[in-house]
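Here is the structure we will look at, set down as structure tokens.
The values are calculated or read from the model by the stated rules, or taken from the named source; none is laboratory data. Fair warning: this is a prediction, and the values are worked out from it, not measured in the lab. Counting neighbours? That spans all protein chains shown, and the Cβs are built from the backbone with ideal geometry, glycine included. Accessible surface is based on the protein model in full, side chains and every heavy atom, while ligands, DNA and RNA are left aside. Shrake-Rupley method; radii C 1.70, N 1.55, O 1.52, S 1.80 Å.
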Amino acid sequence: AFGALIFRYTHTSHFLIAAPVLNRGAGTEDVIGYYGNTVAMRLRPRSRQTFRELVVQARDATLGAFAHQRVDLDRVVAESNPDRRHGAERMTRVSFGLREPDGGGFCPPGVRCHRGDLRGQFTQLPLGFMIELEPACGALVEAEYLVEVLDRPLVTTLVQHYGVLLDSALAAPDTALSALEIGRASCRERV
């Protein structure tokens with residue numbers, strides 16, 4: 001749905017989505033520290049493509065990216081040699097992630113742990129969505145954005161349109177991406 005939203009807003013038919021992954025493998029379960037990386041997933045949505053077809057495409061892209069999740073994104077940037085002054089930011093402009101609700105992280109036996117609200121004030125990409133599944137309300141969508149590139153009203157609208165698009169896509173998954181609802185008629189005309 002995030003890929004469909006980016007497509008509907010930009011009409012870009014080929015883009016990369018950065019996604020955070022945790023790389024805690026065998027032998028690191030009891031080790032303190034961050035074991036993570038970022039993978040880049042390629043999407044190529046088309047106007048007449050159905051949401052169901054985009055989901056299959058996104059699944060395949062995700063499986064392919066996660067199969068190589070141990071390859072550091074900095075290495076990918078160095079190997080593909082884009083404009084090195086901007087690194088990974090030049091390769092991808094958006095990110096999408098999913099995290100467990102509070103309590104799903106590091107919690108050794110006998111220790112009570114909870115997530116602290118330590119939000120950073122910096123982001124590396126113009127737009128990122130992080131989804132957290134909440135048993136009580138369904139899902140929390142958190143948007144992170146560069147204020148030099150996007151403004152708060154636009155990002156608020158993007159989040160609202162994401163919800164409408166997701167509802168529309170789930171109600172009729174065989175609908176073409178160009179026909180999925182994203183908001184009221186006045187908003188559609190503006191987009």
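Values as computed for the structure displayed
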read-out: Packing-based order for 131-141, 159-169, using average beta carbon neighbours within 10 Å, highest first; value: 159-169, 131-141
read-out: Estimated distance in nm for a label pair at residue 164 and residue 13, the labels positioned 7 Å out from Cα along Cα-to-Cβ; value: 2.6
read-out: Proximal charge balance of residue 49 [Cβ under 15 Å; K/R count +1, D/E count -1]; value: +4
read-out: Surface accessible to a 1.4 Å probe, residue 44 within the full protein complex, Å²; value: 120
